[in-house]
1. Using a 1.4 Å probe on the protein heavy atoms only, what accessible surface does B:ARG50 show? Give it in Å² to the nearest 10.
2. Given a Förster radius of 22 Å and the C-beta distance between B:ASP78 and B:GLU133 as r, what FRET efficiency does 1/(1 + (r/R0)^6) yield to the nearest 0.05?
3. Among A:30-41, A:91-102, how do they line up from the highest to the lowest mean number of other beta-carbon atoms within 10 Å?
4. Taking the alpha-carbon distance from B:LYS182 and a cut-off under 16 Å, which lysines remain once sequence neighbours fewer than 8 residues away in the same chain are dropped?
5. Let me see the P(r) profile for the range A:92-352: every Cα-Cα distance counted, bins of 5 Å, each bin given as a percent of all pairs.
6. Rounded to the nearest 10 degrees, what's the angle between the helix B:2-29 long axis and the longest principal axis of chain B, both from Cα atoms, 0 to 90?
7. Taking the Cα-to-Cβ direction at B:PHE26 and at B:ASP105 and moving 7 Å from each Cα, how far apart do the two end points lie in nm?
8. Excluding A:PRO237 itself, calculate the net charge of residues whose Cβ lies under 9 Å from the Cβ of A:PRO237, where each Lys or Arg counts +1 and each Asp or Glu counts -1.
Amino acid sequence: MIQAEYYNIFVKIIDQLAVLDFLPPVWKFILASVIAALVFFHVIAIFALVAIWVERKVAGHIQDRLGPMETGWHGVLQTLADAIKLLIKEDIIAGGIDRRLFVLAPVIVFMTALAVFVVFPVGENFIVSDLNIGILYIVAISTLVVPGIIMAGWSSNNKWSLFGAMRSAAQIVSYEVPVGLAIVCAVMAAGSLSMQTIVESQAGGFWNWFIFSKFPFGFIAFFIYFVASLAEINRTPFDLPEAESEIVAGYMTEYSGMRWSFFFLAEYGNMLAVGAIATTLFLGGWQTPISLLSFIPGPVWFTAKTMFLVFVHIWLRWTLPRLRVDQLMYMCWKVLTPFAFVSIFGIGLWMTF
Amino acid sequence: MQSVNQYFLNIYIAIKSVLIGMSITFRHLFTKSVTVQYPRERLPIPGTSRNLLLNKIEDCIGCDQCVRVCPVNCITMDTIKVFPEDDLGLASDGSKKRLWLPRFDIDMAKCCYCGLCTYPCPTECLIMTDEYEYATYERNDLVFKFTDLDPIQIAELKEKDHIRSMEKEKKKLETAKQAAAKPGKNGGKSGEGT
Amino acid sequence: MITLEVFLTIGALLFVFGILAVVTKRNAIGVLMGVELILNAANVNFIAFSFFTDTGIDGIMIALFIFVIAVAEAAVALAIVLNIFRNMQTINVDEIDSLKK
Amino acid sequence: MIGKDIIFIIFAVITVGSAALVVFSKKIIYAAFSLMLSLFGVAALFVFLNADFLAAVQVIVYVGGILVLILFGVLLTVKISSDNVISHLSQRIWGSIAAVGMFVLIFIAITRTNWTILDKSEDVVYYPQSEAIGIQLLTNYILPFEVASILLLAALIGAMFLVRPENK
């Protein structure tokens, strides 16, 4: 079977359970996949619960407010209350929309956010599937979100939805280019597409992380990846597809209740995923910064680095205003892409000599 | 060459301004927030503020000035003249109360908070308090009733007043008849108007 | 189950559906979709052969170049379709016959 | 290995079935999304053929690139009145006959030919292909690689030239 030479933690765990010995290996594999999907669904859901609270608190304190304070200690239960409200809300499907595509679109968008979690190396022995095309798999899966968004925009039968979907698709397709080139930088430095190998090649202290070891090219690549990934997941300052002052809520305008919360979960799942990818590629993944601190296990480091990047996302969101469309495209094609080429060239020279 | 320099200058300025902005927001992350947790802590209200109207009904002499001055007609007042056997006592400023007040309603849904009604009040019984939380579930609950008479009393008073006016009417009619018996002015008009 | 013949049959089915789309669709973009299906059928065949025979990864290399050609074809064809739409206000291939007249 | 067969059959049915939907769906937008499913299924079939790199590239290029182009084309050209441009009946009949005939021909060719194939029934060794592809691209296939890049450049310039605004 395909997983034969790939490390898969869930398959390992299930192999060790004697109760399940009667199952053929393929069914064990399928069971492991289902468990992995459920685990990551809950990871995304819990992360979203926490991140939305953190985002509100950070937003509040940046603006000298307090943020949610009423529900629970300092409002920690606020998101839970909102989630319950969303779940029991009426599921409105307006007349004149394309029902099949309308129902399918949030599923596709959320599926892409969920599927990338398969290849994240959380710890030394903690990865669901160490594909040898790991990072390429992530790029491939994250392109699937574009048809999903266009599906949502088209099926809503609403001009704001369609505008938002077109903007979003144009933005994501454009920013695929600098994202891909920045990823190529890390892949060149590591000499492998596998996520686990990329992390292992950054072992031995923070000066071996690609952000520092190939200075300044690694830093440029990290910077480009960070900015372009912000644009790719439609976060502020690149949230033109959801610009509420111009096009209501973009492709999500007609959605409500459960289906809207799937889009929302996908957005926060993407935030986590982008932070995890940047951590893996440039910040050494689960590696400890200095060997003195190696008693702290890898998953803690991985989570800490990812959460730091997520915090920077939130921080940026409440600092910068929204860009204009032409500024967005200027930034993509005239700034990020040339610098990505420069840094590829630089890392190529570095690896040669 | 000029435009190339401009290009790099733009990038430099962009990164610099983003960093400055981020440092500002980071500093504000730790400054004390200015939020007032409203239902639990409240800011003091200035003494001249105009909010809910209150009528101290025991001081009200029913002079009707507030009703007449109100630009939106939100005050409704009924008065009944005292009967000779009653004594309503004095208002706090010493003026004698000559009227029963079976009804003194203020519709706060109509009130425009101009405060004009409080100035002419001779006994200063109609004032604006600093109470501003009087949201209700029913619009009718916004009509504040200030009378201190209970409905039975009001009914009795109205009955008495009615009898008195009837007697007056009779008297008037009699005097009119007497006047009609004598040659003189026409008294028919006074018979109609009561 | 996973044999060369099965893959070739899948490739043949994709090819046939592609041809059918090209022949019967009146929308120029529908015709383009048919062309993409045909190119995919060719890819399936190439990769199946490279897997089941001892030709190394030559089939995969050819498939990669087919990707390149498919991208170029799609970009240029869509540019042409958009141009036609701008000039004629239609992309029904039956109505685009001004060369006949 | 029955489980692997089941997964394979699911993906094969998805691929071929949505290819059929591309042809027979009335709305062009449904055809486009069926095409997405079909291309995705083809990528899944590539995984069964030990072409993992190619499967990822298939998704990136076809779903992320060509399909988005096609969707944009649909959104930019379709008028609401012309939502379902369907063909004449005669075209459909003759097209179907030709297609079925072609399939029968190919199927006979597939079954009659005596293929000399490697034995892949037991313990196939799956090895990473990306390295081999990279080496091949820069050694044996260097000329096609360069020609392909020139082709892409030409297509890029050509497409941009074609859709430029008229009055410039």
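The values are calculated or read from the model by the stated rules, or taken from the named source; none is laboratory data. Keep in mind the model is a prediction, meaning the values are calculated, not measured. For neighbour counting, all protein chains shown are included, and Cβ atoms are generated from backbone atoms with ideal geometry for every residue, glycine included. Accessible surface is based on the protein model in full, side chains and every heavy atom, while ligands, DNA and RNA are left aside. Shrake-Rupley method; radii C 1.70, N 1.55, O 1.52, S 1.80 Å.
1. For B:ARG50, the solvent-accessible surface is approximately 120 Å².
2. Details: r = 29 Å, r/R0 = 1.33.
So, using R0 = 22 Å, E works out to roughly 0.15.
3. A:30-41, A:91-102
4. Partners within reach: B:LYS172.
5. Histogram of Cα-Cα distances, whole percents per bin: 1, 6, 13, 17, 18, 16, 12, 8, 5, 3, 1, 0, 0.
6. With both axes taken from Cα atoms, the answer is about 50 degrees.
7. 6.4
8. Details: positive: A:ARG235, A:ARG317, A:ARG322; negative: A:ASP239.
With Lys, Arg at +1 and Asp, Glu at -1, the neighbours total +2.
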